[in-house]
C-alpha cells in the first residue's frame, strides 16, 4: 500500500505536467499504475523471518486501533447545518488540506501556483493531498476520502511502529509526554494538560493533523527498519529498488522526514564500514530525483526556511521548569542512552542512537522553520528512532518493578492527553453547510482555478471549495515562510472598497472579489467603475 500510494502520486505529477492538469482519466491511470507498482513491490519483497506479536504488542495495537477509529471516523462529520471536526488542533490544518485537494482536482496547471498567495508557486509537500485529489476525481467525496485515508494511514503506522520497536515504540508514539498529566491526580478532571506545552501528544497533534505523516511515518519507519536489517543484521528482504523509490519520493510527502532519513543514512555510513560503497551508490543515484522533488516542493527553493539560532527551543522564560514539565524523565533517559547506546553500544545502536540524540540536540539549538514548534516534525523521528534502544539498552534489563515504574513515569501524562483529546466533549464547527451551498451557487459559473479575493479566514467557504485566493489565512502563510504582508495590506484595501480598489484587485491577480454574507456578493475585478 505504501509503494502503491507513492507510485500513484508520482504518476499523477508526471501526467499533470505532461497534460496541463488532472482529470478523471489521468486519475484512473495514476491509481492503476500505483496499484500495479504496489503489487510488484509486494511480490518482490521477501521476509526473512516471521514476527508474532506478544501480549503487550497486541494490547498496544488494540489501543492504537481504538484511538484511530475515534480520531478518524470523526475527523470531519455533519451535525445539523454544520461540518464539525473532532480535534481543535485540526481546525486550521484541515481547511487548508480541503482547499488543496479540491484545487488539484480542478485541473490546474503543474507545477501549480500557490492557492493561498498570489504570484508565487506552491511551496508545500503536496503528496498526501494529491492522493486525495485522485480519489475525488474518481468519485470519492472529499470527506469520505479523508476518513478512509486517515484510517489506512493510521493502520500502516501502527504496523510500522510495531515492526520497528514493538509495543514500546507504539507506546512512545501514543503516550509521549512529561509531567503535566499528573495534574489529574490533584484536580480529578480529565483534560489534555499537555495542550499548552511544546511537547504535545504526537497522535493528536501530528498524525491527525499533519496529513503527510500518514504516508511518511509508515514509509520512513519501513526504510529505517530495512536499513537496520540490511546493514547491521541478516537482511530485510525489501528490494533496494523499492527502498530507492520510497526514499527519493519522500520530499513530495514530508521534507522533515526526508531530512531525517538522509541524516540517518549519513550516520549509518559512519558505522557500517562494509556497506559504505553500497550507501554511496544509493545516495548518488538519488541526488537528481531528490533535488528535483525538493526543488518543486520549495517552489524552486524560493520559500524562506526560517532557520535561525534558537538555543532552548521554545523554552522562553520557563527555565529548567520548561524541560521538566515538558519531558519529565525522557531527557534523563536519553542522556543515559548516550552512554549505553552510543559510547558502549554495538555498531547498530551507535548509528541509530547517534542520529536520534544528534537531532534532539540540533532541534533544541536551531529553529528549522518560522514557527519554532515545527521542530517537532523532526523531534518525532528522533524520539521514535530512540525508543527501541531506550527499551533494549536501558529499561528492559532492569528489575520488573523498576521497569514498570519507568514506563508509568514516561507514558502516564501522554495517556491522559490521548484519552482527553478523544473524549466526547469535543466537536468544533468548521463551516456552515448552508453557507457552503450558497457559495457554491454563487460560484457556479466561475471555473476552477480562478483566483478570488476573499477575507483571509482559514474556513472561508471559497477556500473550502478549493478556489485559489489572493491571500489566505495569515497563520498558513507565515508558517509556510511566505512573504505575504504587502499583498495582505492591498487585499484589505480591496475588501474595504477604498479608492482604486478594483484596480488593486486586478493588480493582485484576482478575477473576482467575494464579499461574504447571508447573500454573498460576487464582484468581477476588471469590471468598469
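Quick note: the coordinates plus some simple rules give every number you see, no bench work behind them. Since the structure is predicted, the reported quantities are computational estimates derived from the model, not experimental observations. Here the Cβ positions follow ideal geometry from the backbone for every residue, glycine too, while neighbour counts run over all protein chains shown.
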>> Counting other beta carbons within 10 Å of each residue's own, what order do 506, 298 fall into, fewest first?
In response: 506, 298
> Taking only C-alpha pairs under 8 Å that are 6+ residues apart, what is the relative contact order of the chain in percent?
Replying inline: 21
>> Per-residue counts of other Cβ atoms within 10 Å, averaged by peptide: what ranking do you get for 434-440, 162-168, highest first?
In response: 162-168, 434-440
> In nm, to one decimal, how far is the modelled label at residue 77 from the one at residue 496, with both set 7 Å along Cα→Cβ?
Replying inline: 4.3
> Say each of residue 399 and residue 144 gets a label point 7 Å from the Cα, pointing the same way as Cα to Cβ; how far apart are those two points in nm?
Replying inline: 5.8
> Taking Cα atoms, how many degrees apart are the long axis of helix 127-137 and the longest axis of the chain, rounded to 10 and kept between 0 and 90?
Replying inline: 50
> Pulled fully out, how much extra length does the chain show between residue 283 and residue 524, if you take 0.36 nm times their separation in residues and subtract their Cα-Cα distance?
Replying inline: 81.6 nm
> Given the rule -39500 (n - 2.57) for each run of at least 4 DSSP H residues, summed and divided by the residues of the chain, what is its mean residue ellipticity at 222 nm, to the nearest 500 deg cm²/dmol?
Replying inline: -18500 deg cm²/dmol
>> I need the calculated FRET efficiency for the pair residue 266 and residue 336, taking r as the beta carbon distance and R₀ as 35 Å, to the nearest 0.05.
In response: 0.90
> To the nearest 10 degrees, how steeply does helix 24-44 sit against the main Cα axis of the chain, on a 0 to 90 scale?
Replying inline: 10
> What is the packing order of peptides 343-354, 117-128, 442-453, taking the mean over residues of other C-beta atoms within 10 Å and listing the highest first?
Replying inline: 117-128, 343-354, 442-453
> In degrees between 0 and 90, to the nearest 10, how far off the longest principal axis of the chain does helix 376-389 point, with axes built from Cα atoms?
Replying inline: 20
> For the range 457-487 and the range 161-176, what is the separation of their C-alpha centers, rounded to whole Å?
Replying inline: 36
> By count of other Cβ within 10 Å, fewest leading, how are 142, 355, 208 ordered?
Replying inline: 142, 355, 208
> What residues from the range 3-20 fall in the zone where the backbone N is under 11 Å from a label point 7 Å along the Cα-to-C-beta line of residue 275?
Replying inline: none
> Rounded to the nearest 0.05, what FRET efficiency do residue 44 and residue 321 have when you use their Cβ-Cβ distance and R0 = 45 Å?
Replying inline: 0.30
> Which whole-number percent is the relative contact order of the range 350-489 (Cα, under 8 Å, 6+ apart)?
Replying inline: 19
>> Which residues among the range 141-180 fall inside the zone where the amide N is under 14 Å from a point 7 Å beyond the Cα of residue 56, along Cα→Cβ?
In response: 162, 165-173
> Could you give the nm distance between label points at residue 450 and residue 329, where each point is 7 Å from its Cα heading toward the beta carbon?
Replying inline: 6.3
>> Please compute the contact order of the range 432-524 in relative form: average sequence separation of alpha-carbon pairs under 8 Å and at least six residues apart, divided by the residue count, as a percent.
In response: 32
